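Each remark here refers to the structure printed beneath this line.
Values quoted throughout were computed directly from the atomic coordinates according to the rules given, and no laboratory measurement underlies them. This structure is a prediction, so every number in the text was calculated from the model and none was measured. Note that we place each Cβ from the backbone using ideal geometry, even for glycine, and neighbour counts take in every protein chain shown.
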Amino acid sequence: MTLPEALTLAVVPQNPVRRNPANPKGFDQLRAARHHLLARWLAGHPQDRPLAAYFALPLAVRSPDRLPFAAPHLIDHLEATAPPSTDGRIVTTLDLDRQRTMETVIRRYVARNKTQGITNAAALALDTHAMAVTALVGSADFFNPRIAGQVNGTTARRSPGSALKPFVYALAMDQGLIHPMSLMKDSPRRYGGFTPENFDQRFLGPLSAHDA
């Protein structure tokens, strides 16, 4: 930070309500407190006297809702898992342009398919040559509690469900048990205490392995 920024922040905690830099009324009190601290600072650090001219310049202040907020799920994950750093920095492989593009794609995808019951989505982009994460979106809206938006969908455990089906069918074909046009029966079954069913709770009857 610059010296004006540092001295400005230093006086805020003494009275954060009246010296709120984002509040026009509190800004005058903040400036007066900073001027008083500057005089004390220059008494102890006369080499900084040439910097006093910068205190006359307007102070650019952003409200909290305009602070940078990128890849929140990845940041939360790194805070919880990254080993301590000697200089306090964490270097990532995130591509911010790709991250923002992925966030836009997911928001549009959910909005386009909301009539189908889709309210959330998650995605992770991986550079397969470097095995490095270049973008990570854990939910469609980090601040939406109705979809548990702060849960990172890229790391949350879930039932593998249909993700296993291509491997099961491929293994069955490799072993000669079925071929793409083999007729299969999608009907209620019971395996001990387990009664599997489709997502829509309907059964389609006879269908080919290809369609299944």
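Which whole-number percentage describes the relative contact order of region 61-180, with Cα contacts under 8 Å and a sequence gap of 6 or more?
In percent, rounded to a whole number, it is 21.
How much space per residue, in cubic angstrom, does the convex hull of the C-alpha atoms of region 77-129 take up?
Per-residue hull volume (Cα only) is 123 Å³.
Treating only the Cβ of Lys, Arg, Asp and Glu as charged (+1, +1, -1, -1), what charge dipole size does region 1-124 show about its Cα centre? Round to the nearest 20 debye.
For this selection, approximately 500 debye.
In Å, what Kirkwood hydrodynamic radius results for region 108-193 from the alpha-carbon pair distances?
16.8 Å
L204: net charge of surrounding residues, Cβ under 11 Å, Lys/Arg +1, Asp/Glu -1, itself excluded?
-1
If each residue of separation counts as 0.36 nm, what is the full-extension length gain between A53 and N15 once their alpha-carbon separation is subtracted?
Here the answer is 11.1 nm.
Which log10 I(q)/I(0) values does the chain give at q = 0.11, 0.15, 0.16 Å⁻¹ under the Debye formula, counting every alpha carbon as one identical point scatterer?
Each listed q corresponds, in turn, to -0.85, -1.16, -1.19.
Report, in debye and to the nearest 20, how large the dipole of the chain comes out about its Cα centre when Lys and Arg carry +1 and Asp and Glu carry -1 on their Cβ.
740 debye
Picking from P13, A71, A53, whose Cα lies most toward the positive end of the charge dipole for region 7-87 (charges on Cβ: Lys, Arg +1; Asp, Glu -1)?
Going by the Cα projections, it comes out as A53.
Enumerate the lysines that K165 could reach by cross-link, defined here as Cα to Cα under 25 Å, with residues fewer than 8 away along the same chain left out.
Counting by Cα, and skipping residues close in sequence, K165 has these lysines nearby: K185.
For the modelled label position 7 Å from the Cα of L204 along Cα-to-Cβ, which residues of region 171-186 have backbone nitrogen atoms closer than 15 Å?
Once the point is set 7 Å along Cα→Cβ of L204, 180-186 turn out to lie under 15 Å by backbone N, inside region 171-186.
Just to be sure I understand the curve: with the Debye formula and one point per C-alpha of region 28-154, what is log10 I(q)/I(0) at q = 0.15, 0.18, 0.22 Å⁻¹?
Once normalised to I(0) and log-transformed, intensities are -0.83, -0.98, -1.29.
When F142, F199 are ordered from fewest to most other Cβ atoms inside 10 Å of their Cβ, what list results?
With the fewest neighbours first, F142, F199 line up as F199, F142.
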